[in-house]
Amino acid sequence: MKAYRASILRFAPDHSAIFEEDGLLVVGPDASGTRRVQAVGPYRTLGPKYPGLPVEHLPGRILAPGFVDMHIHYPQTDIIGSPADGLLPWLENYTFPAEKQFSAPAHAEEVARFFVAELLRNGVTTALAFATSHPASVNALFAEAQKNHMRLITGKVLQDRNSPDGVRDDTEQSLLDTEALIQRWHGVDRLGYAITPRFAPTSTPAQLRGAGALAAQYPEVWVQSHVAENLGEIAWAKELFPDARSYLGVYADFGLLRPRAVYAHCIHFDDADRALMRDTGTVAAISPTSNLFLGSGFFDYEGADRIGFGYGLASDVGGGTSFSPFHTMRAAYYVGREGQTKPGLSLSPQNLWWQHTAGAAKALGLDGVVGNLAVGCEADFLVLNPQATPLLARKAARAQSLDELLFGLIILADDRAVERTVISQAK
Ligand code: GUN
Ligand code: ZN
């Protein structure tokens, strides 16, 4: 067992933040060796209960839950910041050429190494990631995450049509590969598998039907895809699936909406789509830097909350522009300002932070497992330095409330504020 003394940020079940100015976080291994939060609270009252326990004192620092990134593409690491007129030309001109290269295991392994290191350096300790259509790309990322004891969920992309040579897969083989990868990796250490149809326009009905059958056969496995991101994409989906009620309805028709199904974007929805999300337990991975960069639109927070479906934040690198959860929370604030309602929302800093930690964990079905520093959670946490830059230090010194402190970090911080990322399994 070991304890850390510093300020501590965590979240209550009602999504509000709990902040100990001078707190103590006690972590220790469970029977399987995973380090979990054993106790958390004020140093003054908790300290005396643990006489003789080694305490690392980190004055001026904040211990915070590791961030949870609900949607990111590891093969797009090298195409961040590639400009295009919008989603479809961006896929054709940058994404597919970059993803073709992942047929070479050595390339996949090199990018996976950089990617996992970059996530951890930015304070992301759990991620749901796309690989490519090549099974070797999945093996490379799982192996690297396993080496770093990181909680990571990924899967082989399914795309058997409207995709160029080199990334297009074969319907039958793609489903065999998916099942073999589930059996090899799902539930191994901290790894999880996600059945990953890229999006409806690049899969045949047969491939989506097969993916839905696997989703029913393996209910504990995740499902991830994209939906209602861009108007051109939506028109294309309508052309290919004219009988579906909506773009989201395509996935419903193939059994791909269920708990642990995570759809990136979910921008251009109507209330029937929102109700379908809610009623099936499907959740949204809101990807604000990507939506601003590709000009896709603005996630409607008011609509999501009014109908009541789950969501959390995601970087969507490389459509997204940063690995930093601070950049993503900042962009989510801008998106809330735009909103669909008049006047736009001013999302609170506590809510933005929740969306990228406990809220994202809850949306992934990992409530009480990661994304918080409540007793029993896996001890993935960050040591944040709110004085990491001269401007951050000025801002932190003037903060009159928790909201002001957190908002200063959301607006001004980046990887420089993440002094240390602690993973719940000793290396
Ligand atoms: N839709 C289908 N594929 C992709 C992708 O790689 N990125 C984004 N942002 N949208 C997609
Ligand atoms: Zn994406």
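The values are calculated or read from the model by the stated rules, or taken from the named source; none is laboratory data. Owing to the predicted nature of the structure, the values given are computational and were not obtained by experimental measurement. All Cβ positions, glycine included, derive from the backbone under ideal geometry; neighbour counts span all protein chains shown. Quick note on the areas: whole protein, heavy atoms, side chains included, nothing else; ligands and nucleic acids left out. Shrake-Rupley method; radii C 1.70, N 1.55, O 1.52, S 1.80 Å.
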Could you give the dipole magnitude of the stretch 302-358 about its Cα centre, charging the beta-carbon of Lys and Arg +1 and that of Asp and Glu -1, in debye to the nearest 20? 120 debye
Whole-number accessible area per residue in Å² for the stretch 45-162, which is evaluated in the context of all protein chains at 1.4 Å: 35 Å²
Across the stretch 389-394, in residue order, what do the Karplus-derived ³J(HN,Hα) couplings come to in whole Hz, using 6.51 cos²θ - 1.76 cosθ + 1.60 with θ = phi - 60° and x for Gly and Pro? 10, x, 5, 4, 4, 4
What list of ³J(HN,Hα) couplings, whole Hz, do you get for the stretch 376-385 from phi and the Karplus terms 6.51, -1.76, 1.60, once you set θ to phi - 60° and write x for glycine and proline? x, 5, 4, 7, 9, 8, 10, 9, 9, 10
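In the structure displayed, which of Lys49/Lys147; Lys147/Lys395; Lys100/Lys238; Lys2/Lys395 lie more than 29 Å apart, Cα to Cα? Don't skip to the answer; put the middle values down first.
On the way: Lys49/Lys147 35 Å; Lys147/Lys395 38 Å; Lys100/Lys238 27 Å; Lys2/Lys395 32 Å.
Correct reply: Lys49/Lys147; Lys147/Lys395; Lys2/Lys395.
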Per the Debye formula with a single identical scatterer at each Cα and no solvent contribution, what log10 I(q)/I(0) holds for the stretch 9-145 at q = 0.14, 0.19, 0.21 Å⁻¹? -0.81, -1.09, -1.24
Would you mind pulling out the separation of the Cα centroids of the stretch 354-374 and the stretch 227-305, in Å? 22 Å
About its Cα centre, how strong a charge dipole does the chain have in debye, to the nearest 20, once Lys and Arg get +1 and Asp and Glu get -1 at the Cβ? 1380 debye
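For the stretch 190-248, which trypsin sites (Lys or Arg not before Pro) are in a loop by DSSP, counting at most 16 other Cβ atoms within 10 Å?
Answer in residue order: Arg245.
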³J(HN,Hα) computed for each position of the stretch 52-62 - Karplus, 6.51 cos²θ - 1.76 cosθ + 1.60, integer Hz, glycine/proline x: x, 6, x, 10, 8, 9, 10, x, x, 9, 10
Measuring from the longest principal axis of the C-alpha atoms of the chain, the long axis of helix 105-121 (C-alpha) lies at a number of degrees, nearest 10, equal to 40 degrees
In degrees, nearest 10, range 0 to 90: what is the angle between the Cα axis of helix 135-147 and the longest Cα principal axis of the chain? 10 degrees
Nearest-ten-degree value, helix 171-185 long axis tilted from longest Cα axis of the chain: 20 degrees
For the chain, using Cα atoms only, the Rg and Dmax in Å read 21.0, 68
Quick one: work out the % antiparallel among DSSP beta bridges in the chain, nearest 5. 40 percent
Which GluC sites (Glu not before Pro) does the stretch 218-269 hold that lie in a coil by DSSP with at most 16 other beta carbons within 10 Å? Glu220
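Answer rounded, prolate or oblate for the stretch 139-210, using the Cα gyration tensor with square roots of eigenvalues a ≥ b ≥ c: rounded when a/c is under 1.5, else prolate when a/b is larger than b/c, else oblate.
prolate
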